[in-house]
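Read the structure below first, then the notes.
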Amino acid sequence: MAASTTAPPSTEAFWADAERHLVRYGGEFTREIIDRAAGSFLFTADGRRILDFTSGQMSAILGHSHPEIVATVQRQAATLDHLFSGMLSRPVVDLARRLADTLPAPLEKALLLTTGAESNEAALRMAKLVTGRHEIVSFARSWHGMTQAAASATYSAGRKGYGPAAPGNFAIPVPNAYRPDFTTADGSLDWRRQLDFAFDLIDAQSTGSLAACLVEPILSSGGIIEPPVGYFAALHEKCRERGMLLILDEAQTGLCRTGTWYAFERDGVVPDILTLSKTLGAGLPLAAVVTSAEIEQEAYERGFLFFTTHVADPLVAAVGNTVLDVLIGEKLDERARSLGAFLRRGLEDIAGRHSVVGDIRGRGLLAGLELVVDRETKRSSDELGARVTRRCLELGLHTNIVQLPGMGGVFRIAPPLTATEDELSLGLTILEKAIADTCAALRVGV
């Protein structure tokens with residue numbers, strides 16, 4: 001059959017169709033029609049080139065349309081793409097083994113799934129079954145997904161209007177050094193006292209059925225907040241004292257983005273269960289739950305059930321193996337450290353010239369820049385952040401800002417690990433111009 005020569009619908013018709021037929025699932029759609037993507041850039045239907053400082057949905061760590069990923073998809077789709085969920089293929093077993101090789105003992109058993117929500121759902125289900133308990137503790141600004149158990153452990157958005165969350169979910173405060181709630185004599189964050197207070201409240205509310213603590217090593221949707229060194233070791237001990245499992249959600253921080261293979265390496269803490277997603281598939285739907293042989297055996301003996309349509313699918317597992325090949329072959333952990341240092345220097349230079357930059361934080365190629373109206377009071381402005389974001393897009397930079405009560409607008413900056421210094425410099429230049437243009441228009445920080 002000959003290829004269609006029908007012209008695509010006009011821009012006006014496209015948006016009319018979108019508005020008529022699409023369910024809106026979170027805020028407004030970006031008013032650009034994306035035609036293709038390559039490397040660090042998106043290309044619109046009207047010919048604009050946009051630098052992607054979010055790696056898609058914080059996922060495309062190898063950039064868009066990486067040639068090795070493209071080749072793997074083409075090859076694997078032509079030979080073996082999907083199976084009955086009880087069947088196994090070589091890509092699945094190879095990926096499970098290779099993931100274990102990147103992790104410390106005793107993490108060696110993997111369950112391959114599709115999304116971060118699904119991996120957290122499975123991890124929580126496993127933790128409840130193994131412990132025989134049901135109560136879950138998470139950070140107050142967490143994001144773990146939109147399925148029932150994951151959404152019940154998510155506090156940064158989406159809790160109101162949907163009826164009861166899963167019973168037994170509790171939130172603990174986020175150790176935010178820029179906006180401390182518990183302070184030492186010099187005004188810095190007293191995270192130990194905060195953590196003790198948090199678990200005093202947990203113990204008071206618990207019915208004696210604490211199963212697990214599910215947290216991100218760096219809260220992304222919570223504003224790129226990284227707990228201080230020592231926090232996770234102390235949190236791990238709190239879990240041990242109560243017979244809880246520690247589950248770390250490394251959807252955005254895993255697989256070299258922070259400059260090490262896993263963010264938890266900084267703290268010398270090994271979780272009981274690790275969840276991976278986003279970065280594992282480099283933009284394709286692949287996720288994993290990794291745990292110890294002991295926990296997996298206990299779950300198996302108790303009849304653990306997580307039989308889904310796309311569990312252990314060979315196509316995305318093959319992509320996961322290619323992602324590992326590229327990460328190892330191109331030493332992208334080292335690259336994330338060096339590019340991360342370059343990015344941070346650039347952000348600090350911007351902060352030195354613009355007083356609306358209140359704080360810079362993050363690690364490797366996951367950076368946060370918080371905008372405030374006043375550095376002394378740290379007063380925030382939703383309008384400031386929204387207008388800088390819009391101006392960035394007008395100038396050719398896609399970035400994302402999160403705005404939470406009591407916080408300024410925090411830019412989440414997560415370019416691909418394959419980005420170049422020139423591309424980072426371009427993004428920094430655009431970001432600074434967007435800040436300057438917006439401040440001049442609002443007469444803020446001038």
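The values are calculated or read from the model by the stated rules, or taken from the named source; none is laboratory data. All figures in this text were calculated on a predicted structure; none of them were measured in a lab. All Cβ positions, even for glycine, are placed from backbone atoms using ideal geometry, and neighbour counts span all protein chains on display. Note: areas computed on protein heavy atoms with side chains; ligands, DNA, RNA excluded. Shrake-Rupley method; radii C 1.70, N 1.55, O 1.52, S 1.80 Å.
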Review point. Looking at the range 129-143, is at least one residue part of a strand (DSSP E or B) and surrounded by fewer than 24 Cβ atoms within 10 Å (Cβ to Cβ)?
Key: yes
Within the range 146-155, can one find any residue that is assigned to a loop (DSSP other than H, G, I, E, B), open to solvent by 10 Å² or more (accessible area, probe 1.4 Å) and in contact with a helix residue (DSSP H, G or I) (Cβ under 7 Å, 6 or more places away or on another chain)? yes
Exactly one of Val444, Val356 is touching a strand residue (DSSP E or B) at 6+ places or on another chain (Cβ under 6 Å), surrounded by 15 or more Cβ atoms within 10 Å (Cβ to Cβ) and over 30 Å from Val70 (Cβ atoms), and that residue is Val356
Taking the range 86-118 and keeping only residues that are basic (Lys, Arg) and not in a helix (DSSP H, G or I), one is left with Lys109
Picking from Leu83, Leu51, Leu62, the residue that is open to solvent by less than 90 Å² (accessible area, probe 1.4 Å) and closer than 30 Å to Glu298 by Cβ would be Leu83
Of the listed residues (Arg379, Arg391), the one being at pLDDT below 95, open to solvent by 10 Å² or more (accessible area, probe 1.4 Å) and basic (Lys, Arg) is Arg379
Of the listed residues (Ala78, Ala117), the one being touching a His at 6+ places or on another chain (Cβ under 8 Å) and more than 26 Å from Lys331 (Cβ to Cβ) is Ala117
Within the range 266-281, residues within 14 Å of the chain's Cα centre (by Cα), open to solvent by less than 10 Å² (accessible area, probe 1.4 Å) and over 14 Å from Ala96 (Cα atoms) come out as Thr279
When every residue in the range 184-195 that is closer than 29 Å to Gly243 by Cα and open to solvent by 60 Å² or more (accessible area, probe 1.4 Å) is compared, the one farthest from the chain's Cα centre (by Cα) is Arg193
By residue number, the members of the range 108-128 that are open to solvent by less than 10 Å² (accessible area, probe 1.4 Å) and polar (S, T, N, Q) are Ser119, Asn120
Here the residues within the range 399-428 that are open to solvent by 10 Å² or more (accessible area, probe 1.4 Å) and over 17 Å from the mean Cα position of the chain (by Cα) are Pro405, Gly406, Thr418, Thr420, Glu421, Asp422, Glu423, Ser425, Leu426, Leu428
### Task
Consider Val289 carefully, then state whether it is in contact with a Phe, Trp or Tyr (Cβ under 9 Å, 6 or more places away or on another chain), under 30 Å from Ala77 (Cα atoms), touching a residue at least 24 places away in the same chain (Cβ under 8 Å) and β-branched (Val, Ile, Thr).
yes
Expected output for the range 322-342 (first residue at negative phi and open to solvent by 10 Å² or more (accessible area, probe 1.4 Å), partner at pLDDT 95 or above and aromatic (Phe, Trp, Tyr), Cβ below 8 Å, 6+ apart or cross-chain) is Asp333/Trp261
Scanning the range 4-18 for residues that are outside any helix (DSSP H, G or I) and open to solvent by less than 90 Å² (accessible area, probe 1.4 Å), the one modelled with the lowest pLDDT turns out to be Ala7
Of (1) open to solvent by 10 Å² or more (accessible area, probe 1.4 Å); (2) within 21 Å of Arg344 (Cβ to Cβ), Ile218 fails just (1)
When the range 113-135 is checked residue by residue, the ones that are closer than 29 Å to Arg242 by Cα and under 23 Å from the mean Cα position of the chain (by Cα) are Gly116, Ala117, Glu118, Ser119, Asn120, Glu121, Ala122, Ala123, Leu124, Arg125, Met126, Ala127
If you go through Ala234, Ala299, the only one that is hydrophobic (A, V, I, L, M, F, W, C) and either open to solvent by 20 Å² or more (accessible area, probe 1.4 Å) or out of contact with any Leu (no Cβ under 9 Å at 6 or more places or on another chain) (or both) is Ala234
Taking the range 20-48 and keeping residues surrounded by fewer than 13 Cβ atoms within 10 Å (Cβ to Cβ) and either within 30 Å of Glu330 (Cα to Cα) or touching a Pro at 6+ places or on another chain (Cβ under 9 Å) (or both) leaves Arg36
Among residues of the range 420-445 being of a type outside the set (Val, Ile, Thr) and part of a loop (DSSP other than H, G, I, E, B), the residue nearest to Leu339 (Cα to Cα) is Gly445
If we keep only residues of the range 196-215 that are open to solvent by less than 10 Å² (accessible area, probe 1.4 Å) and free of Cβ contacts under 8 Å to residues at least 60 places away in the same chain, then the residue farthest from Phe411 (Cα to Cα) is Phe199
